[in-house]
Each structure stands twice: as C-alpha cells, then as structure tokens.
Amino acid sequence: MVKKNLNLLTLTNGESFQPFRYALGSAGARFFQELKDNNRFMGLRCAKCEKVYIPPRNVCGPCFEPLKDWVQVGPEGSIYSFTVLRFAFIDPETGEKKPVPYGYGFIRLDGASTNLQHFLELPKNGDLKIGMRVRPVFAKNAQGNMRDIVHFSVDGA
Ligand SMILES: [Zn+2]
C-alpha cells in the first residue's frame, strides 16, 4: 500500500521510507515561482553561445559561462521525442496509478535550446508524432512544482 503524500514516498509494505528534500537553487526557484504565479516558462540564456536552458541552470555546460539573462520561452513547443505508456504503475508523487495509455516525452519549447520532460495527452486518434505542436495545460491550483503542468496537449486534438 502506498499512502498519498506529495512530499514523501511512504511504503508500508516493508516499512520502507524514502523521505527526501532538495534545494531548487536560485534558477530553479525562479523557474517554479514563475510557473506558479504567472503560468509562464522562464529560461536562462548564455551570453556567449546563446543557448537557452529550460529548465534553467546557473552555468552553461559547454561554455562554463555564468547565466544571468532571463528569457521567456514557450508556452507552446514541439515534441522532440516521446513514448506511449500502456502499463500502469504507481506514480511516486501521487501514490496512484495514472490511467493508461498516455504519452511522455521531451518537449522543445519555442525559444528554448533544451528539452522539458512531461506527460503528453494523446490525440483522439492516439498517434503522437515527433514535431507535433503542443501547448501546456496548467493545473488550477499551482503549487510551484512540475505538477503545475497537468500535461502538454497536442494542438487541434
Ligand atoms: Zn554557453
């Protein structure tokens, strides 16, 4: 049995506990605050190579340049890669099985150089394709985490 708890994964079938917390850092904190307060995606652009990181990070990987230029990206984007899940498993964040099938993939938000991973709503015909245009569906009660995005929906589906 898994107890529903958004902060801890609490398994009682073996008395196993896996509590964890981690700091978002300054870039992650602003990213999630913007997501929560304004339903917008903010990334950091490298002044040297112009790569735009989403989610943002504090230092450019190739350049080692400190990143300070905040830029808004998305909210629309394209599917970069994906998979369709057809086997239900317990989501550690909710303690519940997510109904199948559903998509999961890398989304390249417009203006970003990196990908965001998230759930993808399947279109009515069930076919996802690389390059399909997607837009986020935001949660009604944002809490400043990735679940502030319910999933990405295929345009026109
Ligand atoms: Zn760079």
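Would you confirm whether any residue within segment 81-89 is hydroxyl-bearing (Ser, Thr, Tyr), within 16 Å of the ligand (Cβ to nearest atom) and under 25 Å from Arg45 (Cα atoms)?
no
Within segment 30-39, track down each residue that is loosely packed, with under 15 Cβ neighbours inside 10 Å and either under 23 Å from Pro66 (Cα atoms) or within 16 Å of the ligand (Cβ to nearest atom) (or both). Break it down stepwise before answering.
We begin by selecting, within segment 30-39, every residue loosely packed, with under 15 Cβ neighbours inside 10 Å; these are 33, 37-39.
Answer for segment 30-39, where residues must be loosely packed, with under 15 Cβ neighbours inside 10 Å and either under 23 Å from Pro66 (Cα atoms) or within 16 Å of the ligand (Cβ to nearest atom) (or both): just Gln33.
Could you tell me which residue of segment 58-73 is farthest from Ala27 (Cα to Cα), considering only residues that are in a loop (DSSP other than H, G, I, E, B) and more than 11 Å from the ligand (Cβ to nearest atom)?
Taking the candidates together, the pick is Lys68.
Any idea which residue in segment 95-127 is modelled with the lowest pLDDT, counting only those that are basic (Lys, Arg) and either farther than 18 Å from Arg147 by Cβ or part of a loop (DSSP other than H, G, I, E, B) (or both)?
Out of the qualifying residues, it is Lys98.
Check segment 86-108 and report whether any residue there is among the acidic types (Asp, Glu), in contact with a His (Cβ under 6 Å, 6 or more places away or on another chain) and over 29 Å from Glu50 (Cα atoms).
So far as segment 86-108 goes, no, none of its residues is among the acidic types (Asp, Glu), in contact with a His (Cβ under 6 Å, 6 or more places away or on another chain) and over 29 Å from Glu50 (Cα atoms).
Does Ile79 satisfy the criteria of being buried (at least 16 other Cβ atoms within 10 Å of the Cβ), more than 28 Å from Ser26 (Cβ to Cβ) and either modelled with pLDDT under 95 or of a type outside the set (Ser, Thr, Tyr) (or both)? Working first, answer last.
Working: buried (at least 16 other Cβ atoms within 10 Å of the Cβ): yes; more than 28 Å from Ser26 (Cβ to Cβ): yes; either modelled with pLDDT under 95 or of a type outside the set (Ser, Thr, Tyr) (or both): yes.
Yes, satisfied.
In the set Pro92, Pro55, which member is away from the ligand (no atom under 13 Å from the Cβ), assigned to a loop (DSSP other than H, G, I, E, B) and surrounded by 18 or more Cβ atoms within 10 Å (Cβ to Cβ)?
Pro55
The values are calculated or read from the model by the stated rules, or taken from the named source; none is laboratory data. Computed from a prediction, not measured in an experiment: that's the story for all the values here. A quick note on method: Cβ atoms are made from the backbone with ideal geometry, for glycine too, and the neighbour counts reach across all protein chains shown.
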